[in-house]
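Beneath this line is the structure, given in structure tokens, with notes to follow.
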Amino acid sequence: MDLALCPARIIVTTVTEGFEPEEMIARFRERAAAVRRRGLPPVEGAERQLILRQMQLDFQDFAMLGDAEASLKEGILTLRVDLRPPGTDEEPGPS
């Protein structure tokens, strides 16, 4: 089936059936841990720095999504990630 030709409602129905947001969050946590366990290939110089930078970004992205609170309502997945510094967990007031 060519997904480009499918109506959006068919794709959403297919994706959301049996989808558990918390399982997805757990997979992101595992990916973050895997990046931390991953060794560096035997490279030096600028290439090594590029690999280190990519590993840092991978960990940051996976860890951030691994800390998310997920909700799935009416086929819309919402991930909420608190990026405030530790100890500032008060909800913001009205704007």
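The values are calculated or read from the model by the stated rules, or taken from the named source; none is laboratory data. Since this is a predicted model, take the numbers as computed values, not measurements. Cβ: placed from backbone, ideal geometry, glycine included. Neighbour counts: every protein chain shown.
Pairing each residue of segment 76-95 that is under 20 Å from Met24 (Cα atoms) with any residue that is of a type in the set (Ser, Thr, Tyr) and at pLDDT 80 or above, provided the two are 6+ apart or on different chains, yields C-beta distances under 9 Å for Leu77/Ser71; Thr78/Ser71; Leu79/Ser71; Arg80/Ser71.
Wholly within segment 4-93, which helices (runs of 4 or more DSSP H) include no fewer than the required count, namely at least 2 residues that are modelled with pLDDT under 90 and loosely packed, with under 14 Cβ neighbours inside 10 Å?
Fully inside segment 4-93 and qualifying: 8-16.
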